[in-house]
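Q: Pasting in a structure now, in structure tokens, and then I'll have a few things to ask.
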Amino acid sequence: MDAIDEITSKTVGRGGPCQQIKADLTACILRSDCVLKPPYRTPKECLQSHLDELPTECAHLRYAFFDCKRGLLDMRKRFRGLDPSQTATTPSSSSSNS
């Protein structure tokens with residue numbers, strides 16, 4: 001098990017509805033060129049001031065994490081639950097004939 005998987009497993013071990021998105025975002029940033037190639041930067045620096053150097057996948061995960069955290073504060077979503085498009089897994093699509 002490499003260091004990135006170890007950090008990700010520690011993040012997933014904690015509770016919370018946004019834990020999987022956070023773990024995926026952490027792994028994506030740690031595998032990005034912003035962190036791995038010179039000039040070496042911390043993941044925090046990459047998120048704060050070098051967003052243009054992050055892969056598109058990391059940018060999408062960053063927005064998904066932001067949206068998930070925002071949903072925790074939105075009282076309307078607290079009653080309705082998270083939008084199915086925000087969940088980490090997608091339900092299997094079944095076609096019904098009408």
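Q: Can you put R70, R31, R76 in order of Cβ neighbours within 10 angstrom, beginning with the fewest?
A: Going from sparsest to densest Cβ surroundings: R76, R70, R31.
Q: What ranking do S32, S49 get, fewest neighbouring Cβ atoms within 10 angstrom at the top?
A: Ascending Cβ contact count within 10 Å gives the list S49, S32.
Q: Follow-up. Under 18 Å from a point placed 7 Å out from the Cα of H60 along the Cα-to-Cβ direction: which residues of the range 17-34 have their backbone N that close?
A: Under cut-off, by backbone N: 20-33.
Q: Using each residue's phi in the range 27-40, evaluate 6.51 cos²θ - 1.76 cosθ + 1.60 at θ = phi - 60° and report the 3J(HN,Hα) Karplus result to the nearest Hz, with x for Gly and Pro.
A: Per residue, the Karplus-derived 3J(HN,Hα) values read 5, 5, 5, 5, 9, 7, 5, 4, 8, 7, 9, x, x, 5 Hz.
Q: Further question: Convert each backbone phi in the range 56-61 into a coupling constant with the Karplus relation 6.51 cos²θ - 1.76 cosθ + 1.60 (shift: θ = phi - 60°), then list the ³J(HN,Hα) values in order as whole Hz, x for Gly and Pro.
A: Per-residue couplings from phi come out as 4, 4, 5, 5, 5, 5 Hz.
None of the figures in this text is laboratory data; all of them are computed from the coordinates on show. None of these values were measured; they are calculated from a predicted model. Because the Cβ atoms are built from the backbone with ideal geometry, glycine has one as well, and the counts that use them run over all protein chains shown.
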